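Everything below concerns the one structure shown next.
The values are calculated or read from the model by the stated rules, or taken from the named source; none is laboratory data. No experiment lies behind these values; they were computed from the predicted model shown. Here the Cβ is made from the backbone with ideal geometry for all residues, glycine too, and neighbour counts use every protein chain on show.
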Amino acid sequence: MSHTLTESRKATYLEDLKTLLRIPSVSTDPNRKDEVKRCADEVARQMKEAGLQEVEIISTPGHPVVYGEYKTDPDAPTALVYGHYDVQPEDPIELWTSPPFEPTLRDGKLFARGATDDKGQFLCHIKAVASMLEEEKTLPLNLKFIIEGEEETGSPHLAPFLEAHKEKLAADVLVVSDSAMYAPDQPSIVYGLRGLAYLQIDLKGADSDLHSGVFGGAVPNPALELARILAQLKDQDEKVTVPGFYDKVEDMSVQERQAYAALGFDPEEFRAGVGVKQLTPEKGYNALEGRTARPTLEVNGLLSGYTGEGAKTVLPAKAMAKISCRLVPNQEPDEIARLLEAHIQKICHPSMECKVTRMHGGHPWITPPDHPALEAAAEAVRAVFNKEPVRIREGGSIPIVIDFQKILGLPGILLGYGLNDENLHAPNEHFRVENFYKGIEISKELFRALAKSQSLAG
């Protein structure tokens, strides 16, 4: 099979991507509800144009889901492809080099909000269908698409949608391209994601801010107490000190650590890339292992007292911190949140009113690295890149992947065509055009490889 798209198809597919990118489908902005719906309509149009047999826009209590299907053979494997058409807000707009919703080509990169997260990536799969049907008049497997419009708001209605449409969405494997390649010249397959437990700590001392000269030395200071609490949550080895935190942690296997070691990770290059003086991984692990396969606790935000220009001598009445824990297999978000809350309440000074609020959570996810679906993905990558993809966990959380596993029982393939340096969620988001085209070809090869896999259904 040819792995090269014609120049005519490349031009057409790129223009179709630009059409999607011109729609400001910001799901978090109620004033753009109509634009989000317009984007759903455009996704449906392109699905139909690609040749999917059944395409529909399905309402939810929030933004709609676009569903598409192609039936080849009831005995052939079925892949369910997931993506999202909603995007992050464009703010701060003044930091964009070109308008965020006017797709602009520069240096082989297409700049626009949503280019890599996730319009360009899910469109690879749709255009793979278009290309295969044009070339071969059929597909080697059954395909189902679910492209939602609420991922950037936490997918609040996706799990109920999956529950309500279990039969409709029945499949053998989940395919997600909402992730990143390991490096520009090194494709990767993600087989694990960390979970999340997110909490807010609120401390209250006096009824109002107090003069530090008049009351300092006599009344408690919530800011200092909060600092003391936070300092006790990790030790000098970057280990979390909360009792029970590691009780159910499943460590990396010897084989995994050997595979990681073979990646050639350069800690100095990584350090320089993020602009810090020194890396601080958990003792016994390097920075790559620490950020992808180990549980963590981090402070995400702090607020207390006077923070304006100049000086104001007050004892703050209140202090607040937001903390998050990234979790690995077997760690339950609710249990970790409960352990954290109990520990914080225990170590908080009795002079304080202490409130711990659970904000958000998500389960960790993992597919065995040797699963047949991942081997099919590796075969697809080899066919296009002529090199072996790395198999790696990713440190972030994508709760929807766990929902697909828990509700539909699907193993997952996270095969991203973007890169972490493409400014997703930030000004000047972009997608390398070459990887857009390669993503289409990899998708075609993936569909062929999945069709040949005799172990998926089992």
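Quick notes
- Restricting segment 71-86 to residues that are part of a strand (DSSP E or B) and in contact with a Phe, Trp or Tyr (Cβ under 9 Å, 6 or more places away or on another chain), the residue that is surrounded by the most Cβ atoms within 10 Å (Cβ to Cβ): H84
- Pair list, Cβ under 6 Å, 6 or more apart: segment 112-138 residue in the same structural domain as L17 (by TED's automatic domain parsing) and over 25 Å from G149 (Cβ atoms), other residue in a helix (DSSP H, G or I) and modelled with pLDDT of 95 or more: M132/K444
- Filter result for G275 (under 25 Å from K239 (Cα atoms) and at pLDDT below 95): yes
- Index of the failed condition, I336 passing every other in (1) more than 18 Å from L233 (Cα to Cα); (2) outside the structural domain of F447 (by TED's automatic domain parsing); (3) touching a residue at least 40 places away in the same chain (Cβ under 8 Å): (1)
- If you go through segment 161-218 and keep only what is small (G, A, S) and either free of Cβ contacts under 8 Å to residues at least 60 places away in the same chain or assigned to a strand (DSSP E or B) (or both), you end up with A164, A180, A183, S188, G192, G195, A197, G217, A218.
- Among residues of segment 89-132, those that are in a helix (DSSP H, G or I), within 30 Å of D172 (Cβ to Cβ) and in contact with a Leu (Cβ under 7 Å, 6 or more places away or on another chain), counted: 8
- Counting the residues of segment 110-130 that are of a type in the set (D, E, K, R) and under 14 Å from E15 (Cα atoms) gives 2.
- Every pair of residues 6+ apart whose Cβ atoms lie under 8 Å, when the first sits in segment 402-419 and is farther than 16 Å from P329 by Cβ and without any contact (Cβ under 8 Å) to a residue 60 or more places away in the chain while the second is outside any helix (DSSP H, G or I) and of a type in the set (G, A, S): none
- Selection count, segment 218-272, where residues are at pLDDT 95 or above, more than 28 Å from A337 (Cα to Cα) and in contact with a Pro (Cβ under 8 Å, 6 or more places away or on another chain): 0
- Failed criterion for L303 (all others in (1) within 30 Å of V214 (Cβ to Cβ); (2) touching a residue at least 24 places away in the same chain (Cβ under 8 Å); (3) in a strand (DSSP E or B) hold): (2)
- Restricting attention to segment 175-197, the residues that are at pLDDT 95 or above and of a type in the set (S, T, Y) add up to 0.
- Only one of the listed residues (S208, S212) is hydroxyl-bearing (S, T, Y) and surrounded by 15 or more Cβ atoms within 10 Å (Cβ to Cβ). That residue is S212.
- Qualifying positions in segment 418-435 - crowded, with 24+ Cβ neighbours inside 10 Å and not polar (S, T, N, Q): G418, E429, H430, F431
- Selection of segment 166-207 for residues being more than 19 Å from the chain's Cα centre (by Cα) and either of a type in the set (K, R) or within 29 Å of L340 (Cβ to Cβ) (or both) yields K166, K168, L199, Q200, I201, D202, L203, K204, G205, A206, D207.
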